[in-house]
1. Using the Cα centre as the reference, give the magnitude of the dipole from point charges on the C-beta atoms of region 381-532 (Lys, Arg: +1; Asp, Glu: -1; all else neutral), rounded to the nearest 20 debye.
2. Taking the Cα centre as origin and putting +1 on Lys and Arg beta-carbons and -1 on Asp and Glu beta-carbons, what dipole magnitude results for region 160-252, to the nearest 20 debye?
3. Taking 7 Å along the Cα-to-C-beta vector as the label spot, tell me the Glu522-Arg190 distance in nanometres, rounded to one decimal.
4. Label-point separation (nm) for Leu222 and Glu92, each offset 7 Å from Cα along Cα-to-Cβ?
5. With a 1.4 Å probe and all protein chains left in place, how much accessible area per residue does region 360-505 have, in Å²?
6. Between region 278-304 and region 316-369, what's the alpha-carbon centroid distance in Å?
7. Obtain the nm distance between the two label points defined at Ser236 and Leu495 by a simple spin-label model: each point lies 7 Å from its Cα along the Cα-to-C-beta direction.
8. Where the centroid of each part is defined by its Cα atoms, how far is region 213-244 from region 472-494 in Å?
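The values are calculated or read from the model by the stated rules, or taken from the named source; none is laboratory data. This one's a predicted model, so the numbers in the text were calculated from it and none came from an experiment. Here the Cβ is made from the backbone with ideal geometry for all residues, glycine too, and neighbour counts use every protein chain on show. Areas reflect the complete protein model, heavy atoms only, side chains present, ligands, DNA and RNA absent. Shrake-Rupley method; radii C 1.70, N 1.55, O 1.52, S 1.80 Å.
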Amino acid sequence: MDSEKRWYLRPDVYIEPLVNHWYAWPNLIAPLTYAMYMSKTHRRLMHSFVKNTELHILANQDPELAGGGEFVDCSREQLGQVQALLQRFDGEYGLYAELADAIRELDTLIRAHRSGESIEPLYAKVPDLLKGYVELHMDLYHQPGYRLIEPLLYRSRYYDESMQSVSIGILEPGQKRPFVLSTPRLIDDRHLHIRMPFRSTWWDRLFSARTRPLSRDEIDALFDGIPKEGGLDHLSMFTDTAPRTHRPPDDGVRLRYMGHAGFLVESDACALLVDPVIATCTDDNADKTYTYADLPEHIDYLCLTHNHADHVNLETLLQIRHKVGKVLVPKNNGGSLADPSLRLLLTQLGFHATEVDDLEEFPLPGGRIVSIPFLGEHGDLHIRSKSAWFFDLQGKKIYAGADSSNLEPRMYQMLHDFTGDLDVLAIGMECVGAPYTWLYGALNTELVPKNVKESRRLNGSGYEQAARMVEAFQPKQMLIYALGMEPWYGYFMGLEYNEHSEQIVQSTRMVEHCRTLDLPVERLCGKYALEL
């Protein structure tokens, strides 16, 4: 490596943030939800791999099974590492299994209180590990419940940053990243594993090198003395080839589809980013998608719609934190196990996050951001942390609805009175989602009946719901997105569509419907930009 040259972090470098070697998504950051997923999902999967190693290896050769989340994608040679991680789970990190047991005990205690009388005597019976961290309550129908005091939990021994690390690799052309949600990431020769808290500004210095080059001496100083394992040479992560340069719009408003559920909305005065999941760039997709180099140097507002890993994508968020001014997140219920606070969570990770209530506004140069109510896609759970976003910028009106579903058309008719006709209506149409237990099942402390699982699914809008939104908002442009169609997102979406898949059938009907209305429509996959 020439010491006189300037070096950039390569566009084909990818990262996987990890909590105790498992791919980090928001519910692994909050301490008590982490305890439940570790106890009920991670340990279960690893025990199954140890007991049935050959079955897991065979299952991962079948694309229909590999992305389902039930098979560990490790090799025979890694069996010893999996066993060692299980031993650490049961020993060094045994506290989290005890916390999961305490939550089960608390749930049993609360469910047994059926008299409707005062709940105060139950405080003495709260498990010791949870004493001081919960408030017990009754609702107006005399049903008992409890609230977690989340700020105290983040200040307790239950929030352990020493479990946080990042695995760094280089994606080769033609290589697919394996599915991330069912397999621990172990030390190998192809990755560099760095144990450093996510909030550390060290990560900002590294990831800013995608567009701000470093000298050889600066790179050596950056990596000198940090705790790292694995066979990847850190110098191989850099290139002297400068990335393409971001250019703001000269006039008006520009919308760029950044992949999956992400939009970049820009004027000459501000930049807004929604639900970014930025693709790792190789020769396979370099001309098909926008990358980190296509982001502006400063993002005024980052708007997140809901707490699912393909919308609050920590892999991307950590890499752009140095660019972000404020993060706007939906208002939280306050202490529900299934609905941890995004504001608190992101604050722990070094972001400046603000909660936004329904129809709350934030002023922009030449416009405003408004939080819009979000219905559906959460299996009927009482989860408040979800919001669509409305941008009114230089007279152009854009609605980014993500996975929300039009369960109540009257709401959108009333919202139209507030927004007026839209320039762009963008809706996700993953109309057939997994049973809610696929994502939230680890938080249940009782067996969920099969009929309940099948009935309560993580569904977004189908054709009927999306068509009614078009009728309500009268947009000039319709965008269908967040379907997981881009092949480079298979590592977290785990979807394999064909022409008979209901998501494709329903979204195709929507495309045809828009065309009968002479309404321009795009089903987004890959690079797309719209000048408004």
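1. Dipole about the Cα centre, nearest 20: 340 debye.
2. So the dipole magnitude of region 160-252 works out to roughly 300 debye.
3. The modelled label-to-label distance comes out at 3.3 nm.
4. It is 2.7 nm.
5. Numbers: 5930 Å² over 146 residues.
Here the residues of region 360-505 average 41 Å² of exposed surface.
6. 20
7. Between Ser236 and Leu495, the simple spin-label model gives 3.4 nm.
8. Going from one Cα centre to the other spans 35 Å.
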